[in-house]
Amino acid sequence: MMPELIDIKSLKLNEIEDLIVSFGEPKYRAKQVFKWLHKGVHGFDEMTDISKNLRERLLQNCYISSAVIEKKLKSRYDDTIKYLFKLIDGEYVEAVLMSYHHGWSMCISSQVGCKMGCTFCATGRGGFVRNLTASEMLSQITEAQLDNNIRISNIVLMGMGEPLDNFDNVIRFLELLSDKDGVCIGQRHVSVSTCGIVDRINQLAEMKPQFTLSVSLHAPNDDIRSLTMPINNRWGVDTLLAACKKYAASTGRRVSYEYALISGVNDSDECALELASKLRGSLSHVNLIPVNNVEESGCMPPSKQRIAAFQKILCDRGVTATVRRTLGSDINASCGQLRRKSLDT
Ligand code: SAH
Ligand code: SF4
């Protein structure tokens, strides 16, 4: 039987060192290989300062995972670009590159599809296929950097998939991402968004990471949250908020709460008051997002006035809340609009 090839772009520097030493080559070669991988080379033959012998050994034992740009859509309204990437097994994921005054930010996917089934989300409606490897998460970034000849400075794990349901690969990806010899984006420039996998949030609280935790709350109580988010039947709102507060206390970082406003569902004054009473006094920030229309979901955003009134109730009670600017809405690049194969938008 053929031995399985090693996904070398998912390996940390010390792991590549072990591999190279096992080939009888000097350890320092590993850093050269690592740098090439994170620059985004597609083949070992592009590693021009590596001996032909070592390139041959690498080719026999390893592969460089890829995310090939299958399609690219540019917004007419802003600099947003939505990418459709084809993975090595023919599956697809989407990612979105956005330009802000402070630099380029990219929203990447962590899974093909998602198991969580939130009713307002296009990804959730498509079902789950598989986890992405650390290298597949990295490749979305290295491809976009090469494609535009830019350096990306901020990453949000808010594309397709539930990052905390792919915990080990996501943690590995974040370690690789911050390596100074690689893409070099530190955790302070990363946000990880979760629908609320409480046991993983508790685990993170102990690990004390430096990234921003974004929690998709979307409702102040179980009655409303359970209507749209099946995960709420496992861990209710109060259990989730207790874990988030523990996370904030242990890391010293404020938790960001995502709240997609859906007309007639979670946008009443009562909801705002209940939310304010539950978040008041904790290290938090609320991101209000007018829900993006996803086919068949039947979810509509509230009026501008309703959104402003909701925000005011929170702010008046000392809970900071901002309304998120929507980028790339003409190319279905906004939250919850990413699908496995949206070639038609
Ligand atoms: N699975 C993770 C991260 C990916 S979803 C999570 O749920 O947090 C990224 C964000 O988009 C989440 O806050 C999610 O709740 C939100 N979202 C999904 N569908 C949306 C929609 N139709 N309109 C606005 N936000 C949506
Ligand atoms: Fe999955 Fe997040 Fe979409 Fe829910 S909102 S289905 S957790 S991707």
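The values are calculated or read from the model by the stated rules, or taken from the named source; none is laboratory data. All values derive from a computational prediction rather than experimental measurement. Heads up, the Cβs are rebuilt from the backbone with ideal geometry, glycines too, and the neighbour counts pull from every protein chain shown. Heavy atoms of the whole protein, side chains included, go into the accessibility calculation; ligands, DNA and RNA do not. Shrake-Rupley method; radii C 1.70, N 1.55, O 1.52, S 1.80 Å.
Compare the peptides 71-83, 249-261 by average per-residue count of other Cβ atoms within 10 angstrom and give them in order, highest first.
Listed from highest to lowest mean packing, they are 249-261, 71-83.
Farthest toward the dipole's positive end in the range 6-63, which of ASN61, SER22, PHE34, given Cβ charges of +1 (Lys, Arg) and -1 (Asp, Glu) about the Cα centre?
With unit charges placed on the Cβ atoms, the residue in question is PHE34.
Under the rule of -39500 (n - 2.57) per DSSP H run of 4 or more residues, summed and divided by the residues of the chain, what mean residue ellipticity at 222 nm is obtained, to the nearest 500 deg cm²/dmol?
Calculated mean residue ellipticity at 222 nm is -10000 deg cm²/dmol.
Using only the alpha-carbon atoms, how far is helix 29-39 inclined from the longest principal axis of the chain? Give it as 0 to 90 degrees, nearest 10.
40
Measuring with a 1.4 Å probe in the full set of protein chains, what accessible area per residue, in whole Å², belongs to the range 67-344?
Counting only protein heavy atoms, the per-residue value for the range 67-344 is 41 Å².
For the chain, what proportion of DSSP beta bridges, expressed in % and rounded to the nearest 5, is antiparallel?
About 45 percent, rounded to the nearest 5.
Once the dipole of the chain is set up with Lys and Arg at +1 and Asp and Glu at -1 on Cβ about the Cα centre, which of GLY117, SER226, LEU241 lies farthest towards its positive end?
Highest projection toward the positive end goes to LEU241.
I need the phi-derived Karplus couplings for the range 294-303: 6.51 cos²θ - 1.76 cosθ + 1.60, θ = phi - 60°, integer Hz, Gly and Pro marked x.
10, 2, 6, 7, x, 8, 10, x, x, 5
Tell me, rounded to the nearest percent, the portion of alpha carbon pairs in the range 6-63 spaced more than 17 Å apart.
Value for the range 6-63: 24 percent of Cα pairs lie more than 17 Å apart.
Could you state the accessible area per residue of the range 6-63 in Å², with a 1.4 Å probe and every protein chain left in place?
Spelled out: the 1.4 Å probe surface of the range 6-63, per residue, equals 52 Å².
Based on the mean of other Cβ atoms within 10 Å per residue, sort peptides 108-116, 293-301 so the most packed one is first.
Working: 108-116: 23.7, 293-301: 15.3.
The peptides rank, most packed first, as 108-116, 293-301.
Rounded if a/c is under 1.5, else prolate if a/b beats b/c, else oblate: with a ≥ b ≥ c from the C-alpha gyration tensor eigenvalues square-rooted, which is the chain?
Details: a/c = 2.19, a/b = 1.80, b/c = 1.22.
Verdict is prolate for the chain.
For LYS71, which sequence-distant residues (separation of 5 or more, or a different chain) have an amide H within less than 5 Å of its own amide H, given hydrogens modelled in the peptide plane?
Answer set, sorted by chain and number: LEU84.
Ignoring ligands, DNA and RNA, what percent of the 1.4 Å accessible area of the range 6-63 is carbon and sulfur?
Carbon plus sulfur share of accessible area: 50 percent.
Give the angle, between 0 and 90 degrees and rounded to the nearest 10, that separates the Cα long axis of helix 13-22 from the longest principal axis of the Cα atoms of the chain.
20
Could you give the angle, 0 to 90 degrees to the nearest 10, between helix 52-61's Cα long axis and the longest principal axis of the Cα atoms of the chain?
50
I need to check one value: relative contact order of the chain, counting alpha carbon pairs closer than 8 Å and at least 6 residues apart, in percent.
16
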